[in-house]
């Protein structure tokens, strides 16, 4: 991990790269060229996939599944009976843990539901209407994430979405049974063994088998993220997600071993993960680095964690917690952990973070599973304007208006005529005359 000292150097070290780097390493670029028969950028490849799925439907989905995943499933859809069977076969301890995560998520998202309102005196109000159908993407790469099923399906269902469609990459033997089990437990309505950009295209445009949705949500790789970016406007999207990132603010009361464990927990996600510590206590740094080295070597995903720590790992020494919080606000991290003596003193100063974890007894790893809020959080600095996945993503707000005051009609008529829209003015004036008669 790189160590920098001082606010100015820390600010420079936290300078953001693009949210998602759409370039490919040479071996992946070569694989893409082999698949398509010519060199293509990721944008070109995804654009071609989207166009083909839009025009050819299931045939294109099957073709790209064979080409890119090396799988030719007989059926795109996985029956809910298969999902229920996977749930029954789930190891008891894992099912119990998923149940805890599900219950906690339901309770949290129910608590966040907005309420409609009407003010008869003012002549206005607001109602919330859930989306009819939502598409959820669950990745299937170097790790399996049944927790992400809970974190995406639950807020949609709590919001009142009528149908949740889930897509997840296929394997020779079918989607991972833990994903299917989690889909059954969380309450997804339909499940499809389709991954990558073709899954996003199928949910956005609709095919013979996969229904068109109103919104696509969930994390994914570079091709999934590009596809979400390109279909926005045809459907809604929850956000564009890059590699995970954690900023921990620590003072002299923090425990080096716990801080190291938290940094490693994020580093093991992805070689491009960003584990960052900002501290006011210089003696903590050498002990932290020793703990990172000691604990990191024992992780099953040690190589991934090492790449993340060497590539993006950062320790920043500042003079005060105020400076630390200011740097965190500038960076706008996905996870912000306040490992300080009085975290409640500082939580009100946080302005930009996907989620905030208070005290060293509350690690961000808890947020990945059973904290309650979704772990699908804004990355790459988008916490400046975006929120973690929640019921608000799946609700449309509709204003309610009923006319009560003549003064509003008169002002509207004047504005309409000033804008040259006489039809508007006459429509309003007719009502005004009727009221006076």
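Considering only segment 138-151, I want to know if a residue exists there that is assigned to a strand (DSSP E or B), surrounded by 24 or more Cβ atoms within 10 Å (Cβ to Cβ) and in contact (Cβ under 8 Å) with a residue 40 or more places away in the chain. Lay out the reasoning, then the answer.
Pass one, segment 138-151, residues assigned to a strand (DSSP E or B): 140, 144.
Within this subset, residues satisfying the condition of being surrounded by 24 or more Cβ atoms within 10 Å (Cβ to Cβ) are none.
Checking segment 138-151: not a single residue is assigned to a strand (DSSP E or B), surrounded by 24 or more Cβ atoms within 10 Å (Cβ to Cβ) and in contact (Cβ under 8 Å) with a residue 40 or more places away in the chain.
Matching residues to (1) under 30 Å from residue 239 (Cα atoms); (2) modelled with pLDDT of 95 or more; (3) surrounded by fewer than 21 Cβ atoms within 10 Å (Cβ to Cβ); (4) assigned by TED's automatic domain parsing to the domain that holds residue 139:
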| position | (1), (2), (3), (4) |
| --- | --- |
| 331 | yes, yes, no, no |
| 336 | yes, yes, no, no |
| 350 | yes, yes, yes, no |
| 354 | yes, yes, no, no |
| 367 | yes, yes, no, no |
| 394 | yes, yes, no, no |
| 398 | yes, yes, yes, no |
| 417 | no, yes, yes, no |
| 424 | no, yes, yes, no |
Per the list (1) more than 19 Å from residue 16 (Cβ to Cβ); (2) touching a strand residue (DSSP E or B) at 6+ places or on another chain (Cβ under 7 Å); (3) surrounded by fewer than 23 Cβ atoms within 10 Å (Cβ to Cβ), residue check on residue 342 breaks on (2)
Going by what's in this entry, would residue 296 be described as crowded, with 19+ Cβ neighbours inside 10 Å and more than 21 Å from residue 327 (Cβ to Cβ)? yes
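Where residues in segment 11-25 are at pLDDT below 85 and surrounded by fewer than 15 Cβ atoms within 10 Å (Cβ to Cβ), which of them is farthest from residue 332 (Cα to Cα)?
Taking segment 11-25 as the starting set, the residues that turn out to be at pLDDT below 85 are 16-25.
Of the ones still in play, those that are also surrounded by fewer than 15 Cβ atoms within 10 Å (Cβ to Cβ) are 16-18, 21, 23, 25.
Numbers: 16: 10, 17: 13, 18: 14, 21: 18, 23: 24, 25: 27 Å.
Among those that are at pLDDT below 85 and surrounded by fewer than 15 Cβ atoms within 10 Å (Cβ to Cβ), it is 25.
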Within segment 26-54, take every residue that is surrounded by fewer than 17 Cβ atoms within 10 Å (Cβ to Cβ) and either modelled with pLDDT of 95 or more or under 25 Å from the mean Cα position of the chain (by Cα) (or both) and give me the one that is nearest to residue 204 (Cα to Cα). 51
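State yes or no: is residue 323 touching a residue at least 12 places away in the same chain (Cβ under 8 Å), part of a loop (DSSP other than H, G, I, E, B) and either in contact with a strand residue (DSSP E or B) (Cβ under 8 Å, 6 or more places away or on another chain) or in the same structural domain as residue 254 (by TED's automatic domain parsing) (or both)?
Details: touching a residue at least 12 places away in the same chain (Cβ under 8 Å): yes; part of a loop (DSSP other than H, G, I, E, B): no; either in contact with a strand residue (DSSP E or B) (Cβ under 8 Å, 6 or more places away or on another chain) or in the same structural domain as residue 254 (by TED's automatic domain parsing) (or both): yes.
Criteria not met by residue 323.
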Examine segment 302-309 for a residue that is under 27 Å from residue 387 (Cα atoms) and either in contact with a strand residue (DSSP E or B) (Cβ under 7 Å, 6 or more places away or on another chain) or surrounded by fewer than 19 Cβ atoms within 10 Å (Cβ to Cβ) (or both), and state whether such a residue exists. yes
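The values are calculated or read from the model by the stated rules, or taken from the named source; none is laboratory data. No experiment lies behind these values; they were computed from the predicted model shown. With ideal geometry, Cβ positions are generated from the backbone for all residues, glycine too; neighbour counts draw on all protein chains shown.
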